[in-house]
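Input: one structure, supplied below.
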Amino acid sequence: MIPLPVLEEVIDASGIAPRVEDMLPSGVRSRQLSVRTLLPGMMLALADGRPAHLTRVRRALAGLPEDDQRRLGVLADWRDGPHRLTCRQAEYTFRLVTAALARDEPDGLPSPELQRICGSLLEASVPVQFKKASASLAVDWSDLETFSRPPPHGTSDCADPEASWGHRKNNLLHDEDELFFGCYLSHAITVPDEQGPPVPELARRMSLSSCRRDPVPAFTPVLTALPENGIPLGDVLAGSGCSHRIPDNWASRLRRAGAQLVQDLHPHGRGPKGTRQGAVIANGNLYCPCTPRPLLELAPLSRAATSVQAAQHDARTAEAARYKLGRLTRDDEDGCHRVQCPAAGGKIRCPLQQPSMRLDRDRPEILTPPENPQACCTQQTLTIPADVLAKTAQKHDYPSSAWRRSYARRSGAERGFATARDPASNNISRGWCRLTGLTPLTLFTVTLLVVRNQRVLAAWNTRQEENTRRAARGLPPKTRRRRRKTPAAATAASPP
């Protein structure tokens with residue numbers, strides 16, 4: 001159970017309670033339940049493992065000590081005596097809040113004010129010492145089912161008009177994906193920087209959008225707004241679902257905001273994809289036209305690969321890097337940069353670049369150069385426009401060992417959803433919230449992530465205290481046991 005003062009401190013630090021209160025209409029009689037009391041009630045209900053029901057919110061507030069009830073207004077003095085908050089009053093205040101934060105015409109996206117409130121709440125749940133401990137974020141989206149039943153076939157009328165059909169992965173052997181009726185939940189989780197110290201994996205931003213909307217361009221403005229709020233963008237780790245989008249919907253906008261992308265490439269985006277002034281475009285880089293084809297078609301290392309296979313794979317990616325055109329300048333205001341031939345940079349030997357033939361023979365050598373060399377072989381440098389590699393360019397060469405180590409941090413996004421779906425705490429499967437509409441779901445989801453951040457911080461502090469005690473006794477830090485077998489392998493090995 002998370003203490004009430006901790007939750008109140010988060011709400012006060014965010015400053016959203018007075019902002020939302022000013023947006024609500026004023027009635028003839030003052031409301032007993034204020035926004036300042038509603039928000040901790042929602043968090044208390046979720047922190048206790050209860051579903052996101054307004055009756056549970058009222059029950060959590062009514063279960064506080066009498067002094068806290070009077071301070072928060074849950075227990076008020078009326079003319080006929082003390083009056084405790086009712087379910088109808090909780091529903092009334094919540095309905096006013098959702099009406100004030102919703103769009104005038106629902107379009108499947110949260111209103112700008114609602115999105116700002118979500119960002120303020122999550123940012124207030126991050127302690128000061130961790131706000132700038134890491135600038136790297138792991139990004140992903142998942143499914144969030146609505147309580148509404150889908151409309152009958154051939155109609156569009158249902159209890160949740162903003163919900164729609166979407167696809168999700170079920171990780172089952174007999175089927176790769178399935179349909180669900182609801183919204184897409186996107187979030188960004190803090191992960192350690194490369195060569196940086198460990199940090200707690202806290203949710204920094206989230207967004208909810210209808211399945212009629214593409215979740216990637218819906219979440220991109222939330223990330224690009226971080227530098228405007230004084231939060232610098234570092235490495236942004238994402239899967240192939242993000243990298244396969246139109247560059248203006250993801251990659252280009254994040255680069256302009258100062259982010260460095262570390263992302264998996266979609267199978268349709270891997271390998272050679274045309275040429276630019278003779279240079280081969282492959283995996284986010286430009287390569288010499290005489291690069292061996294197998295080096296351009298390297299795929300990521302399998303998770304089940306042995307150490308020998310990993311060493312062979314790393315040797316091939318290192319060899320492919322020698323054929324890559326070397327970058328000479330940073331991106332200018334237009335996003336252009338200049339590159340040069342790998343032979344001119346001293347990485348390979350080529351007869352078209354006579355000085356390179358005096359290099360050591362441990363470098364790859366071009367035995368049959370092009371009969372009609374193009375600009376990449378004849379010019380000293382090439383200017384590469386921003387749109388040539390806008391979709392696939394990233395921080396590390398794909399799929400090198402440096403990329404693999406850096407991309408491994410993205411599992412923090414998966415753990416973020418795993419903690420939110422943990423049946424031992426809050427299982428956000430269908431029925432966890434019986435309110436329909438994008439705004440009510442967003443409010444309960446962001447409070448759930450705030451509670452989740454507090455759980456992560458409590459576990460982090462406990463682990464650090466344990467490591468301190470072990471260090472005082474001369475013992476190494478306690479490490480987690482790693483699973484020796486995957487669930488699929490264990491199931492296949494067990495007898496029927």
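Take residue 243 and tell me if it is in contact (Cβ under 8 Å) with a residue 60 or more places away in the chain and closer than 20 Å to residue 124 by Cα. It would help to see each step written out before you state the result.
Numbers: in contact (Cβ under 8 Å) with a residue 60 or more places away in the chain: yes; closer than 20 Å to residue 124 by Cα: no.
Taking the combined requirement at face value, the residue does not satisfy it.
Which members of the range 139-162 meet the condition of being open to solvent by 20 Å² or more (accessible area, probe 1.4 Å) and either in contact with an Asp or Glu (Cβ under 6 Å, 6 or more places away or on another chain) or aliphatic (A, V, I, L, M) (or both)?
151, 159
If you don't mind, there's one more thing I want to ask. Being open to solvent by less than 50 Å² (accessible area, probe 1.4 Å), modelled with pLDDT of 90 or more, not in a loop (DSSP other than H, G, I, E, B) and not small (Gly, Ala, Ser): is that true of residue 55 here?
So residue 55 fails the test.
Here are the criteria: (1) open to solvent by 60 Å² or more (accessible area, probe 1.4 Å); (2) assigned to a loop (DSSP other than H, G, I, E, B); (3) closer than 22 Å to residue 447 by Cα. Tell me which single one residue 49 does not satisfy.
Condition (1) is where residue 49 drops out.
May I ask you to list the residues in the range 2-17 that are part of a helix (DSSP H, G or I) and either open to solvent by less than 70 Å² (accessible area, probe 1.4 Å) or farther than 14 Å from residue 121 by Cβ (or both)?
Of everything in the range 2-17, those that are part of a helix (DSSP H, G or I) and either open to solvent by less than 70 Å² (accessible area, probe 1.4 Å) or farther than 14 Å from residue 121 by Cβ (or both) turn out to be 4, 5, 6, 7, 8, 10, 11, 14, 16, 17.
One line per residue, one yes/no per condition, for (1) buried (at least 22 other Cβ atoms within 10 Å of the Cβ); (2) in a helix (DSSP H, G or I):
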site	(1), (2)
168	no, no
179	no, no
190	yes, no
198	no, no
207	yes, no
212	no, no
219	yes, yes
223	yes, yes
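Right, residue 305: assigned to a loop (DSSP other than H, G, I, E, B), at negative phi and touching a strand residue (DSSP E or B) at 6+ places or on another chain (Cβ under 9 Å) or not?
Numbers: assigned to a loop (DSSP other than H, G, I, E, B): yes; at negative phi: yes; touching a strand residue (DSSP E or B) at 6+ places or on another chain (Cβ under 9 Å): no.
When the stated conditions are applied, residue 305 does not pass them.
For the range 244-289: of the residues being part of a loop (DSSP other than H, G, I, E, B) and touching a Cys at 6+ places or on another chain (Cβ under 8 Å), which is farthest from residue 338 (Cα to Cα)?
Filtering the range 244-289 for residues that are part of a loop (DSSP other than H, G, I, E, B) and touching a Cys at 6+ places or on another chain (Cβ under 8 Å), the one farthest from residue 338 (Cα to Cα) comes out as 250.
Being open to solvent by 50 Å² or more (accessible area, probe 1.4 Å), out of contact with any helix residue (DSSP H, G or I) (no Cβ under 8 Å at 6 or more places or on another chain) and not in a loop (DSSP other than H, G, I, E, B), is that true of even one residue in the range 370-378?
yes
Let me ask another. Regarding the range 64-73, can at least one residue be identified that is over 25 Å from residue 101 (Cα atoms), of a type in the set (Asp, Glu) and in a loop (DSSP other than H, G, I, E, B)?
no
Could you tell me whether any residue of the range 328-343 is more than 19 Å from residue 289 (Cα to Cα), open to solvent by less than 50 Å² (accessible area, probe 1.4 Å) and part of a loop (DSSP other than H, G, I, E, B)?
Scanning the range 328-343 turns up at least one residue that is more than 19 Å from residue 289 (Cα to Cα), open to solvent by less than 50 Å² (accessible area, probe 1.4 Å) and part of a loop (DSSP other than H, G, I, E, B).
Being hydrophobic (A, V, I, L, M, F, W, C), touching a Pro at 6+ places or on another chain (Cβ under 9 Å) and within 30 Å of residue 464 (Cα to Cα), is that true of even one residue in the range 144-158?
There is no residue in the range 144-158 that is hydrophobic (A, V, I, L, M, F, W, C), touching a Pro at 6+ places or on another chain (Cβ under 9 Å) and within 30 Å of residue 464 (Cα to Cα).
Quick check, is residue 430 open to solvent by 70 Å² or more (accessible area, probe 1.4 Å) and in contact with a Phe, Trp or Tyr (Cβ under 7 Å, 6 or more places away or on another chain)?
Here the answer is yes, as residue 430 does meet what is asked.
Here's another thing I want to ask about it. Any chance the range 150-161 includes a residue that's under 22 Å from residue 132 (Cβ atoms) and without any contact (Cβ under 8 Å) to a residue 40 or more places away in the chain?
Checked against the condition, which is being under 22 Å from residue 132 (Cβ atoms) and without any contact (Cβ under 8 Å) to a residue 40 or more places away in the chain, the range 150-161 yields no hits at all.
Of the residues that sit in the range 86-136 and are under 20 Å from residue 205 (Cβ atoms) and of a type in the set (Val, Ile, Thr), which one is most open to solvent (accessible area, probe 1.4 Å)?
So the residue we want is 128.
Of the residues 49, 73, 81, which is at pLDDT below 90 and touching a Ser or Thr at 6+ places or on another chain (Cβ under 7 Å)?
49
Being surrounded by 18 or more Cβ atoms within 10 Å (Cβ to Cβ), over 14 Å from residue 400 (Cβ atoms) and β-branched (Val, Ile, Thr) is the filter here; which residues of the range 259-310 pass it?
280, 281, 291
Also: What is the residue count in the range 225-242 for residues that are surrounded by 23 or more Cβ atoms within 10 Å (Cβ to Cβ) and either farther than 14 Å from residue 260 by Cα or under 11 Å from the mean Cα position of the chain (by Cα) (or both)?
The qualifying residues number 4.
Go through the residues of the range 146-167 one by one and say whether even a single one is among the hydroxyl-bearing types (Ser, Thr, Tyr), under 25 Å from residue 121 (Cβ atoms) and under 12 Å from the mean Cα position of the chain (by Cα).
Taking every residue of the range 146-167 in turn, none turns out to be among the hydroxyl-bearing types (Ser, Thr, Tyr), under 25 Å from residue 121 (Cβ atoms) and under 12 Å from the mean Cα position of the chain (by Cα).
The values are calculated or read from the model by the stated rules, or taken from the named source; none is laboratory data. Everything numeric in this text was worked out from a predicted model, so none of it was measured. Note that each Cβ is placed from the backbone with ideal geometry, even for glycine, and that neighbours are counted across all protein chains shown. In case anyone asks, the SASA skips ligands and DNA or RNA and just uses the protein heavy atoms, side chains included. Shrake-Rupley method; radii C 1.70, N 1.55, O 1.52, S 1.80 Å.
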